[in-house]
1. Quick one: net charge of S312's neighbours, Cβ under 15 Å, K/R +1, D/E -1?
2. Less than 9 Å Cβ to Cβ from K269, Lys/Arg counted +1 and Asp/Glu -1: what total charge do the surrounding residues give?
3. Would you count, across the range 119-213, every pair of lysines whose alpha carbons are under 24 angstrom apart, provided the pair is eight or more residues apart or spans two chains?
4. If I stretch the segment between M102 and Q178 completely, what's the gain in nm (0.36 nm per residue apart, minus their alpha carbon distance), one decimal?
5. Tell me the Kirkwood hydrodynamic radius of the range 133-288 in angstroms, computed as one over the mean inverse distance between distinct C-alpha pairs.
6. For the range 248-264, in order, what is each residue's ³J(HN,Hα) by Karplus, 6.51 cos²θ - 1.76 cosθ + 1.60 with θ = phi - 60°, in whole Hz (x at glycine and Pro)?
7. What list of ³J(HN,Hα) values in whole Hz, one per residue of the range 284-295 in order, does the Karplus curve 6.51 cos²θ - 1.76 cosθ + 1.60 (θ = phi - 60°) give from phi, with Gly and Pro shown as x?
8. Can you give the local net charge around V113? Use residues other than it whose beta-carbon is closer than 13 angstrom to its beta-carbon, Lys and Arg +1, Asp and Glu -1.
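The values are calculated or read from the model by the stated rules, or taken from the named source; none is laboratory data. These figures come from a predicted structure and were not determined experimentally. Glycine also receives a Cβ, built like all others from the backbone with ideal geometry; neighbour counts cover every protein chain displayed. Please note that ligands, DNA and RNA were not included when accessible areas were found on the heavy atoms of the full protein model with its side chains. Shrake-Rupley method; radii C 1.70, N 1.55, O 1.52, S 1.80 Å.
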Amino acid sequence: MVRHLQFVCVLFLAPVLALAQQQPVAPAQGAQAPAVAGSRPQPPQPPAPIAPDAPVITIHGLCPAGQAAAGEKSDACSMVLTRTQFETLVSSINTTNQNYTMPALRSLASGYVTVLTLADAAEKAGVDKDPRFQEQMKVTRSRALADSYRRYLQEKYGNPSAEEIAEYYKQNIGRFEQQKIDRIMVPRVNPKRPQEKRAEWEKKARDLAAAIRERAAHGEDVVALQVEVYKTLGLNDSQPPQTEIPGKAAFSPAVDQDIKALKPGEVTKVEIEPSGFNIYKLRMRSAMPLEAARAQIVREYSQQKIDAELKSVTGRVHSDFNEQYFDPHTSGGPRPQRVPSRIAPMGNAPQANVPAGRPVQPPAQQPTPPK
């Protein structure tokens, strides 16, 4: 009886699963590890082995599709979901491929039972014949198809071949470089008294940076040079900054270009930045091994392919909107009252500011003046 409403039930359960996504847990020992982005969602792993056809949810008093209750007994039949059926349900809405705790799955199962029960009552009351429900089903189906198409693209491009990975690595080798960079920073202003003799301080700092840069280029230790900078500027009681830049730091385009032009052991010119007069020295640069970069390549390659496919599909479609309807203020009509906080997202629920049974009326059009 409720089979054709289970589709709607699954969509309404998506928020329940979304809450569980906020508490991901590591897979249990022996369980399958999470796959990379774009692969098929993995089923939840119960703590103890359970047969695929073993019942995990039994709903008493709800008849399966095509089976009517015998007589007046409300509990004359029951619905059973096996482990396979329940995990298929979870996988269909587990779009981010997370692992979930058993309490989270129990909450999902409880919500599913409630939704199926209300759906059954709605069918018996004839709600499925309501034109509003029919329209909602059209929108719901379109949303589900759109989500399924995105998942289809993730599965299609989520596992590139070894040849595709190698080619992507070769074409984007610069993205997988590992480099260690040191920086000597000469403050442009006095960190203790920023407003005091700014021009005099900046000239002294600029000249000092030029001298320090030449010494760094001739191989002097950058840590010792950084200490000397603070000593020369009278900042003896301040801790000099660390010279090694950790991880992948973000540089301005000009500085980044200068660093990329360096060979190991070379230094940039004095870079004038908000933080000070800076000198960068490239200590080491090497390419990340292909195997170490594989996970990053799969993510980037898959996302690029998905984005290109979506752009190709949506680029073939364009739309025109009647501005007299959607924004009558620009057409000389009265500005409509906007209540965005009371409008539900498309497909989740009817708009709260529209009374039930009353169709939405478009804004009144301005009368055309006689010629």
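1. +3
2. Charge balance in the 9 Å sphere: -1.
3. Values: K124/K138; K129/K138; K156/K170; K170/K180; K192/K203; K192/K204.
Step by step, the pairs that qualify in the range 119-213 add up to 6.
4. Values: separation 76, 0.36 × 76 = 27.36 nm, distance 4.12 nm.
Contour length minus the Cα-Cα distance gives 23.2 nm.
5. For the range 133-288, the Kirkwood estimate is 19.4 Å.
6. Each residue's phi maps through the Karplus curve to give 9, 6, 9, 10, 5, x, 5, 5, 4, 5, 5, 5, 5, 7, 7, 9, x Hz.
7. For the range 284-295, the Karplus-derived couplings read 7, 9, 8, 7, 5, x, 4, 5, 5, 8, 4, 4 Hz, x marking Gly and Pro.
8. Cβ neighbours under 13 Å give a net charge of 0.
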